[in-house]
Each structure stands twice: as C-alpha cells, then as structure tokens.
Amino acid sequence: MNTKTQDKARQTYEFKTEVQQLLKIIINSLYSNPEIFLRELISNASDAIDKLRFKAQTQPEVLDDDGEFKIKITADKDANTLEISDNGIGMTREEVMENIGTIAKSGTMAFLEALEATQKNGQMIAPELIGQFGVGFYSAFIVSEKVTLITRAAGTDEATRWESSGDGSFTIEETTKDKRGTTVILNLKKAEEDEPDFTDELTIKRIVKKHSDFVTYPIVMDVEKDDPVVDEEGKPVEGKTRKVVREETLNSMKAIWTKNKREISQEEYEEFYKHLGHDWNPPLNHLHLKLEGTTEYTALLYIPSQAPFDIFQPDHRHGVRLYCKKVLIMDNCTELLPEYFRFVKGIVDAPDLNLNISREILQHDRLVRNIRRNLVKKLFELMETMDHEKYEKFYGEFGSILKTALFTDPENKKRIADLLRYKSTKSGKDMISLKKYVENMQADQKHIYYITGDNFSSILNSPHLEKLKEKDYEVLLMDDPVDEWVVQALDEYEGKRLKSAEKGDLDIEKDADEKKDEFADLFQFIQTNLDDKVKEVKASTRLKNSVACLSGDEFDMSPFMEKILKASGKQMPENKRVLELNTDHPVLEKVKSVFEKDKDNPVLKDYSSLLFDIAVIGEGGKLENPSRFNQMIGDLMADALVGKL
C-alpha cells in the first residue's frame, strides 16, 4: 500500500490496483447473498470475545471488571446506519493495520491470478489459497457506502478509528472510546424497493436467528415496547401504555452440541431438534459425537420420525447446517452427507475448516472428506443398532431413499444391503432382512427369489410364485419402484444370486422338458395366432394351479419397470413376452384334444387369445379388448352350465 497523505493524527492509505480489484470481486461477485455481512461481523465480534476470554485465563486484569460479554446491534432508520459492537479484546493501531489491512498483504496478485485460473477451468478455489485473506469484514461494503471501525484494545487507553468508502483508500487516526472492544458503523446504501431494509427490527431479528442463533454470547438490540401505565397502588391503568426501550436478546445461545452428552436430557435434544428442523414431531433418533485430534469437529444429527412432504422434490433442501465455532457458515450443506442421507437434519461444527472467500462454497478438501466419511459410518452404525420397532418405523419413512445408496455408493454396498427390509411370501405383516432370508433358505435352494410390482396383493398372489410356494421357497415381495434399480445394483447377497420369479429359468425343475415334444405343435399354433403379442409359447416351470402366465427372458425388462418408464413419459419399444402354459392343467389338455381332432377349428383361435388375456390379468395388466374377453368368458360359462344341466 502507498501512503497518500500522512500526519501524526491521521493517515490515508491507497490500496494497490490489485487490492482494489480483489475488493471489487468481494463486493460484487463472491457474496451472492447480501445479508451475510451481518453474520460475518457478528462472527468477528464473537471471535474477539473468545480471544479476550482466553487471554483472561492468565491475565484476569484485562477484563477490567467488565465480564458480561455481549454483541450489540444498533439501528438508526433516520440516519440509515447500522452498528455492531462488542466488548471483546479490541485492537491496537498496529493490529488494525495488520488485521483490517490483511487484504493488502503481499501475494494478492498471485491470489487473483490463481482465482482467475480456477474460474476459467470451472474449478473451485484451491484449499491452499483459502484463509490467506481475512475478507469477512469487507463483506460490509456489499451493503454500505462507508464503513467506520472504532476499536480499543483491552488493557490500553488508546483507541483507533479506521474508515473507508471501499473506493480504493482508507484512513486511520487516533480517537477516543469509553471501553475496550470494537464498534463497526455502517452507512448503508439506500435500499431498492425489492431489497431488505437492514435497519428494520424484524429483518435484523430474522437474519440473526437464521445465521447466528447459536453464537455463545448474547446478541442484543434495544427494542421499543409498550408498557402498561400503573397507578399509585401498582395496578395497570386500563387502556394506558407508555413507550419504553429495553435491551432484547436476539439469539437463543442454545449450542447444546458443545455440551457433554451426559449433561443433556432427552427433552433438551428434542427441543433443539424442533427449533432446528421446524418440526413439531420429536425425532426418531439422534447422533451426538465429538471427534478430537487431527480432525476436530462436533456433530449433532437427527433422524426425523416422519419424512418431509417434499423429500422427493428436486429442490428439497438438505437438513444439515455447517457451523464454525457456533457461527453458521452454510445452510443446506450437501457436501457433508451423501444424497441418500438428505433426510438427516442437524449441525456439524468444525473450527478448522478450509473455506473459500465467500464462505458459501465449502471446499472439497481432505478435512471435509474425512468428516463426511466418519458421519456416514456413524449413521450406518446408528441404523444398525436401532431396535426392531424403531427401525421398521424408520424404514417405512426413508427406506426408498436409503435404497438409492446401492447404486450411488458402491463402497458401502454391503452395509446398505444389510439394512434392506422386505415383506415376503412367508413373513406375514413383518419385514425381513436379506440376512434373515438367507438363513431361512431351504437346503436345496440356490437363489434369492423376488418379484416386483406396484400392487402388493397382486404380486403376493401372482401365478408366477405357484411352484416356488409348492417347494416352500420364500419370495421377496418388492412393490416400491426403486426396487427395480435395487435388483440391478444388487445382483447377489452373501453368494446367493437374486433371481426374478417372472423372468428366465427359475432353476428349480426340468419336468416341463418332458412334455415339450407332446405340446410342440399346439404351442406353435398358439404362437402363430399370437405372433404380434408374444415371442414364444412354452411349457411353464412356474405354474401349479393357474393355466397361463407371461414371463420374460432373464435380461428382459420387467413389466413393472416398463410401466414405470412409460409413466415417466418415455417412449418404449414393443416388448414381447413369453406365454407360459401349464401342461398339467385340464384346460390345456382339453385344448390339446380339440387341436388334435381339428386343427382348423375356429374356436382354437379364440382359446389362444383367451389364454393370453388370462395371463395378462394374472399379473395385474390391462386387456386390449376387455369387452371381447367378457363375451368369451360368458360363452364358456354358458356352455359349461349347459353340460351340467
């Protein structure tokens, strides 16, 4: 920096060109949300009190009988000014030059060059550049025409005044101040019609509540209130009030995550959750941990008891907030937890985070990755140790989201698979884990069988399961659309392959091959009549009581997946299925008898269509011509009744 003018009392300094450029970036580019200036100034004030408290441990005299710490905000609507003052450690003239002048230190040009290079490449700012410039204070220029700082260091009588209009220069001079600490005075820019008024009481309260609610020290403001007028006996006079000014604390200071877990009651945990999550319902569970050492952070995370109504909306906000020394750094912090934990609410307080200049974009550095990895591990442990009743409630609310982790987090695939729960053909109302399924498998059973669909009753009673049920094989019933992706991501569990009950060979018996030749001509005839609907007609290894079902080849798309994709608006190519017929069913024996007597009998075409329609209905599908099906069933019933009469 260059001295523009200088005398004993007052000095004016001009920023170098590159510093002016950096200041311009800070004001116009890096801070997209102007209200965070207040967060930054409160954070600085809180740090100043922290430093004084630390110094007072060995030098108690610095407190000077003023140990009631607070941060005070004073708004003047007429003058359009805002003051933020603290009774912290304060600064000497030299410290003002060092701390407030940090932006003018050597290396600024190198920083700008690196910043420009990373922005051109679409990259984030490198971690080694972060923290080199104390620019939080300069966020005040986003909303101010002029910023004045008056400070007095603890243990001294001298005070310093720093002032700048953000136009490339600043002044420093000696001044007076009654007590230690720092006051920052902002001459605010005139607010446009759609911009917040930072002298407005409600606006200030909202910002403090949002960004600085858990600062350890009281953030106070003088508020005018109506007090009742009382008579000589001290009784309120009806209808009469008077204006009084009282100091009101704006923040809760309930940073319970800093307390020892043994000192916090369940009620306190729940109260904090309701405040943090804006949720009237108590949480289902919580995780409170403090890690010290190379990586230091505190986390208090909650699993809600009910899923938010917008949990599946693209603009749903993550519930984890990032704090640094109890000051909010980032809301909706997606970097700390993967997407499949987006339902988790809570805070992470990390005092040694690497932050970029705006403090709004968290760096993906080693510390952040380490915190994320540990939190994911601890959340898995929390879910794994829930009791049965609590976990079932959790899974009912968030199971669909947790399943997505199978195809987004291969590193934790086994842990996620262990947490899956499904109803089955044997479980009744309960849900079972894959581990329990494998433990219950029959001695001769090779695979884990499942079936997917959108109607639980339909898949439970699906004809595809008849032979599996006969062999006492359990089948998992998957009626969640996400399950279609689950079975693609999880092809096996503990060495047992997941196998669809409605696709490919079930690998349970080969009896159907014995009748293949016996029914070959009939099947060829039926396939010819249904050539536009099926790709093959064959003897079924699935059916026991039903006459017909539709199946697919092993790698075909399931009907449920096809239905999902069509519902999403995707144009699907024609997907012909396999018509499986039960060669042991008396209906098929009758059809075979008619076919052998007269291959040209017109009723055979009707029977071919009827068998296909029965198969479609059996899996809950829709008929192309339900009226014709209704007529054919009526005719068959009439013929059958004639024979009975």
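Some observations on this one:
- Heavy-atom accessible surface of region 281-429: percent carbon and sulfur, 1.4 Å: 46
- Residues within the reach of a label modelled at Asp521 (point 7 angstrom out along Cα to beta-carbon, backbone nitrogen below 14 Å), restricted to region 569-599, are 592-599.
- His278, His585, His211, ranked by accessible area, largest first (probe 1.4 Å): His278, His585, His211
- Equivalent ellipsoid dimensions for the chain as semi-axes, Å, which come from the Cα gyration tensor, largest first: 73, 27, 24
- Rounded if a/c under 1.5, otherwise prolate or oblate - region 149-228, Cα gyration tensor axes: oblate
- Accessible-area value, Leu202, 1.4 Å probe, nucleic acids and ligands omitted, Å²: 120
- Between region 35-106 and region 286-312, the alpha-carbon centres lie 31 Å apart.
- The fraction of accessible area contributed by carbon and sulfur in region 135-262 is 44 percent, rounded to a whole number (1.4 Å probe; ligands and nucleic acids excluded).
- Segment Glu381-Arg246, length gained on full extension (0.36 nm per residue, minus Cα span): 43.7 nm
- For the chain, the solvent-accessible area with a 1.4 angstrom probe is 52 square angstrom per residue.
- Solvent-accessible surface (1.4 angstrom probe) belonging to Cys324, in square angstrom, nearest 10: 20
- Within the accessible area of region 502-645 (1.4 Å probe), percent carbon and sulfur: 50
- Among the GluC sites (Glu not before Pro) found in region 140-248, those both in a DSSP coil and sparsely packed, with 10 or fewer other Cβ atoms within 10 Å of their Cβ, are Glu192, Glu193, Glu232, Glu233.
- Over the chain, DSSP H runs of length four or greater, each weighted -39,500 (n - 2.57), average out per residue to a 222 nm ellipticity of -9500 deg cm²/dmol.
- Summed side-chain charge close to Met632 - residues other than Met632 whose Cβ falls under 13 Å, Lys, Arg +1, Asp, Glu -1: -2
- Under 5 Å, built H, 5+ apart or other chain: amide partners of Ser169: Phe15
- Stretchable slack from Glu68 to Asp197, in nm (0.36 nm times residue separation minus alpha-carbon distance): 43.4 nm
- In sequence order, region 276-284 has phi-based couplings of 6, x, 6, 10, 6, 7, x, x, 6 Hz under the Karplus curve 6.51 cos²θ - 1.76 cosθ + 1.60, θ = phi - 60°, and Gly or Pro positions carry x.
- Which listed pairs, of Lys345/Lys393; Lys70/Lys290; Lys414/Lys496; Lys592/Lys622; Lys345/Lys403; Lys72/Lys210, have C-alpha distances above 24 Å, in listed order: Lys70/Lys290; Lys592/Lys622
- Rounded accessible area of His275 (nearest 10 Å², 1.4 Å probe): 70
- Summary of packing: across the peptides 383-389, 137-143, the per-residue average of other C-beta atoms within 10 Å ranks them, highest first, as 137-143, 383-389.
- Counting Cα-Cα pairs of region 257-390 in 10 Å increments starting at 0 gives whole-percent bin shares of 11, 44, 36, 9, 0.
- In this structure, the residue pairs whose Cα-Cα separation is over 22 Å, taken from Lys177/Lys205; Lys274/Lys326; Lys77/Lys225; Lys413/Lys499, are Lys177/Lys205.
- The value of relative contact order for the chain, using C-alpha pairs under 8 Å at least six residues apart, is 8 percent.
- Subtracting the Cα-Cα distance of Ile617 and Asp491 from their residue separation scaled by 0.36 nm leaves 42.5 nm.
- Gap separating the Cα centres of region 177-214 and region 527-602, nearest whole Å: 72
- Charged side chains reduced to their Cβ positions (Lys and Arg at +1, Asp and Glu at -1) give the chain a dipole of some 700 debye around its Cα centre.
- Taking only the alpha carbons of region 183-288, we obtain Rg and Dmax values of 19.6, 56 Å in that order.
- Note on the chain: dipole from Cβ charges, positive end direction compared against Ser169, Phe309, Val368; the farthest Cα belongs to Val368.
- Residue range of the chain that is longest and free of trypsin sites (Lys or Arg not before Pro) which are both DSSP loop and sparsely packed (at most 10 other C-beta within 10 Å): 191-428
- Think of the chain as having a plus end and a minus end, set by charges on the Cβ of Lys, Arg, Asp and Glu; of Leu588, Thr148, Thr160, Leu588 sits farthest toward the positive end of this dipole.
- Cα gyration tensor shape for region 571-610, rounded if a/c is under 1.5, else prolate or oblate: oblate
The values are calculated or read from the model by the stated rules, or taken from the named source; none is laboratory data. It should be emphasised that the depicted structure is a prediction, and the values quoted were computed from it without experimental measurement. Here Cβ is always computed from backbone atoms with ideal geometry, including for glycine, and neighbour counts include all displayed protein chains. These accessible areas exclude ligands, DNA and RNA; they are computed on the full protein's heavy atoms, side chains included. Shrake-Rupley method; radii C 1.70, N 1.55, O 1.52, S 1.80 Å.
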